[in-house]
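A short worksheet on the structure shown next.
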Amino acid sequence: MFAASARIFRRKTTLQAFVQRPVRWHSEGNILKLKERGFIQDVFPAETIDKARSMLGLTSQTVYAGFDPTANSLHVGNLLVLIGLLHTQRAGHQPIALVGGATGLIGDPSGRKTERQLLETETVQHNVTCIKRQIEEIFSNHERFFWDKPDNLKPVLVVNNADWYRQYSFVDFMANVGRHFRMGAMLSRSSVQSRLT
């Protein structure tokens, strides 16, 4: 009994020491500095990196990251993406988490050589709801436990791309959206090339 109480006491004091240690409360506005630390792999298109660097240092920008609803839970691979969004939020930018409710129904090879299994609409909707709740909880806990400044962080916006793709017919989509995409740029991507071969 005494040994168990001692372990609980040590855990609590270790947690208190962790919570009381100094924390860096601010991220630099120019989040592209994270590329130097190996946190960002690619900037697309590459020739825009200088323009992006100056924009990120001058004013608040909107930064988004996508999340695939093929499961009802986030996975460890989403962690770096979420940390990146948290960095953008701490730097004063507006983070958007885009959950792919529409693309989850269509399929996206994402560099894989095989197609992913098609999911029922209800399953994708359930997964979107679960992932949205998890992302909102992560951002809420971050602000609650790690943000101790008088000004509030910009709240994360969690959006589902099915909300706007649903309104388009195929012809409308190709006329209004598809015409802005160039086949050459898409075919030059290594993920598309490996899938074609």
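The values are calculated or read from the model by the stated rules, or taken from the named source; none is laboratory data. Not measured: the values here are computed from a predicted model. Neighbour counts are summed over all protein chains in view; Cβ atoms, including those assigned to glycine, are modelled from backbone coordinates with ideal geometry. For the accessible areas, the whole protein counts, side chains as well, though only heavy atoms, and no ligand, DNA or RNA atoms are used. Shrake-Rupley method; radii C 1.70, N 1.55, O 1.52, S 1.80 Å.
You will find that of Ser73, Ser60, Ser54, the residue that is under 20 Å from Val128 (Cβ atoms) and not aliphatic (A, V, I, L, M) is Ser73 and no other.
Yes/no matrix, rows are residues, columns are (1) at pLDDT 75 or above; (2) assigned by the TED database to the domain that holds Thr88; (3) not hydrophobic (A, V, I, L, M, F, W, C):
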{"site": "Glu28", "(1), (2), (3)": "no, no, yes"}
{"site": "Lys33", "(1), (2), (3)": "no, no, yes"}
{"site": "Ile40", "(1), (2), (3)": "no, no, no"}
{"site": "Val43", "(1), (2), (3)": "no, no, no"}
{"site": "Thr48", "(1), (2), (3)": "yes, no, yes"}
{"site": "Thr62", "(1), (2), (3)": "yes, yes, yes"}
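Any chance segment 116-126 includes a residue that's assigned by the TED database to the domain that holds Gly100, open to solvent by less than 50 Å² (accessible area, probe 1.4 Å) and at pLDDT below 85?
Of the residues in segment 116-126, the ones assigned by the TED database to the domain that holds Gly100 are 116-126.
From what is left, the residues that are open to solvent by less than 50 Å² (accessible area, probe 1.4 Å) are 116, 119, 124.
Add one more test, that the residue is at pLDDT below 85, and what stays is 116.
Yes, segment 116-126 contains a residue that is assigned by the TED database to the domain that holds Gly100, open to solvent by less than 50 Å² (accessible area, probe 1.4 Å) and at pLDDT below 85.
Flag not set for Glu137, criterion: closer than 21 Å to Ile106 by Cβ, open to solvent by 80 Å² or more (accessible area, probe 1.4 Å) and at pLDDT 85 or above.
Taking segment 152-197 as the range and being outside any helix (DSSP H, G or I), modelled with pLDDT of 85 or more and surrounded by 11 or more Cβ atoms within 10 Å (Cβ to Cβ) as the test, the residues that pass are Leu153, Lys154, Pro155, Val156, Leu157, Val158, Val159, Asn160, Asn161. Whenever a residue of segment 97-113 is closer than 18 Å to Val192 by Cβ and at pLDDT 85 or above, its partners that are open to solvent by 70 Å² or more (accessible area, probe 1.4 Å) and outside any loop (DSSP other than H, G, I, E, B), lying with C-beta atoms within less than 9 angstrom and at least six residues away or across chains, give the pairs Gly100/Ile106; Thr103/Tyr165.
When residues in segment 53-108 are screened for being open to solvent by less than 30 Å² (accessible area, probe 1.4 Å), outside any loop (DSSP other than H, G, I, E, B) and farther than 19 Å from Leu153 by Cα, 4 of them pass.
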